[in-house]
Structure formats: C-alpha cells, structure tokens
Amino acid sequence: MVRILCVEDDVTTADYIAKGLGEAGFSVEVSHDGRDGLFQASDGSYDCIVLDRMLPGMDGLAVLSALRAAGVTTPVVMLSALASLDERVRGLRAGSDDYLTKPFAFAELLARIEAVRRRGTQTASADTPVTKLLCEDLEMDLLSRRITRGGRKVDLQPREFRLLEFLLRHKEQVVTRTMLLEGVWDYHFDPGTNVIDVHVSRLRKKLDEGGAKPLLHTVRGAGYRLGDS
C-alpha cells in the first residue's frame, strides 16, 4: 500500500487530509511538528510527503532542506498559506516537487500527489540499474554519495552534488542554462541571477583541485559540458 506522511500542525487540516487520502486507498501517518516530521521522513520509507510550510519546532523549508541534504528523494508536496511568487520559488528551490497554496480543494491535492509520484516512479525506474556515474577519472557513487577524482575525495554541498550528478548524466553533451535551471534548481523560468555561474565556478574549483586536468568546460553562448577537452 502507498504510504503518505502528512506533516501539518493544524489538526483540522491534518484530519481532513488524512481522511481523504485514506478514502482514496492510501496509508497515512500524521505529524504535527516539524522536528517529529523530519525524524519520521528521514528513513525514506514513504511514497510521498505532504509538508506544511509553517510548522512548530522546525520550519517546513528547513525540514525539506534537511531531507534533501540527507539524500532523501521522497516526492514532497508543500502546503502553504503564503501564495506569493517569492514563497513558491523558495519552496521549489528548497527541493519540493510541487507547491499548493491554502485553501485548496482535496481533489487538487490528490491529483498533485499522484503526479509527483508518477514522476518519481519514472525517474527511479530509469535510474535503478545505475549506482555509479563516471567521467574520465571522476567517479560518483550514488549509493554512498561519495565522489572521487583520481582517487582523491571531493567534498560537495548538496546543490553542488545535484549539479554534478546532472552533468555526469549528460556527460560529453552541451548542457544549457535552461536544462540546469529545470533539472537542478526546479525552476521553469530564468530568475535572472548568476546562481548557475557561481555554483559551476565552485564545482570546477573543487574538481580541478591539485592541478587536475579540467573536466568542466564553458561552451560560449551555449552552456557547459563535462568531458575531456
């Protein structure tokens, strides 16, 4: 049975969600506190998480960021009364798969849960056989989340890890800014910042540490390419 974790401090809303999802055939567990929700979600055993933005104990964005930093890829639908564009972007940037503002219709929440689960299942199915990504002497172990370059360990921040994973999955290909914004930052528009340039620069510096041959190249006017020369 599909397992859903609902992290929502408003008891009425939590009961409403749990009742509806239960009637739809899901197994639902509820947490009313951010820290408790993080603890429950950290084992990665749920098929989807419905996460409120404003929570006692630990803010929803902090919960989400901690989960993603720990490598938990469970699809997350974030709920919030904060409907501004900036807030939606913050939620997506933190790693949510969808963002639904309150008040909402249960039918829409159910449809969004089903949609993010389909995307997650398709991705997992395509990637399951792959446990390591390689490019020249660069290796990424997806199970241990360990990265080495010529045997040297490379320590990356969570977003840098996602960036490198995306580049490795498209090695020897030109990857555009739009591809990176959608694949790494979950943006479906260009926010007009230099966030990509900053992260690429930091990643390149870490990969080339110790005088290693450059692997990450800028393709003028097009994007970036990971590969030999």
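The values are calculated or read from the model by the stated rules, or taken from the named source; none is laboratory data. As the structure is a prediction and not an experimental result, all values here were calculated from the model. Ideal geometry is used to build each Cβ from the backbone, glycine not excepted, and the neighbour counts take in all protein chains shown. Ligands, DNA and RNA are stripped out before the accessible areas are found, and what is left, the full protein with its side chains, is counted by its heavy atoms. Shrake-Rupley method; radii C 1.70, N 1.55, O 1.52, S 1.80 Å.
Just a few scattered comments:
- When Ser45 is tested against (1) surrounded by 15 or more Cβ atoms within 10 Å (Cβ to Cβ); (2) at pLDDT below 90; (3) over 23 Å from Arg159 (Cβ atoms), just one condition goes unmet, and that condition is (1).
- Condition met for Pro214 (at pLDDT 90 or above and farther than 28 Å from Ala94 by Cβ): yes
- Considering only residues in the range 153-176 that are open to solvent by 70 Å² or more (accessible area, probe 1.4 Å) and among the basic types (Lys, Arg), the one that is nearest to the chain's Cα centre (by Cα) turns out to be Arg162.
- Pairs with Cβ under 8 Å, 6+ apart, first in the range 95-109 and of a type in the set (Asp, Glu), second assigned to a strand (DSSP E or B): Asp97/Val76; Asp97/Val77; Asp98/Val76; Asp98/Val77; Asp98/Met78; Glu108/Leu100
- Val30 passes every criterion in (1) β-branched (Val, Ile, Thr); (2) open to solvent by less than 40 Å² (accessible area, probe 1.4 Å); (3) at pLDDT 90 or above apart from (2).
- Residues located in the range 48-78, provided they are of a type in the set (Val, Ile, Thr) and either open to solvent by less than 40 Å² (accessible area, probe 1.4 Å) or farther than 18 Å from Ala115 by Cβ (or both): Ile49, Val50, Val63, Val72, Thr74, Val76, Val77
Each row is one residue, and each column tells you yes or no for (1) of a type in the set (Ser, Thr, Tyr); (2) modelled with pLDDT of 90 or more; (3) more than 12 Å from the chain's Cα centre (by Cα); (4) farther than 26 Å from Gln157 by Cβ.
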position: Val76; (1), (2), (3), (4): no, yes, no, no
position: Leu79; (1), (2), (3), (4): no, yes, yes, yes
position: Ala94; (1), (2), (3), (4): no, no, no, no
position: Tyr99; (1), (2), (3), (4): yes, no, yes, no
position: Glu114; (1), (2), (3), (4): no, no, yes, yes
position: Thr121; (1), (2), (3), (4): yes, no, yes, yes
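- Only listed residue being closer than 22 Å to Gly71 by Cα and without any contact (Cβ under 8 Å) to a residue 12 or more places away in the chain, chosen from Asp141, Asp186, Asp155: Asp141
- Selected residue (only one of Ser31, Ser45 is over 17 Å from Glu108 (Cα atoms), of a type in the set (S, T, N, Q) and touching an Asp or Glu at 6+ places or on another chain (Cβ under 9 Å)): Ser31
- In the set Arg149, Arg145, Arg220, Arg159, only one residue is touching a helix residue (DSSP H, G or I) at 6+ places or on another chain (Cβ under 8 Å) and more than 26 Å from Leu92 (Cβ to Cβ); that residue is Arg149.
- Those residues of the range 199-208 which are within 19 Å of Ala69 (Cα to Cα) and either touching a strand residue (DSSP E or B) at 6+ places or on another chain (Cβ under 6 Å) or open to solvent by less than 70 Å² (accessible area, probe 1.4 Å) (or both), in sequence order: His199, Val200, Leu203, Lys206
- Members of the range 79-91 found to be open to solvent by less than 60 Å² (accessible area, probe 1.4 Å) and under 22 Å from Ala14 (Cα atoms), listed by number: Leu79, Ser80, Ala83, Glu87, Gly91
- Count of the range 163-204 residues which are among the charged types (D, E, K, R), modelled with pLDDT of 85 or more and assigned to a helix (DSSP H, G or I): 5
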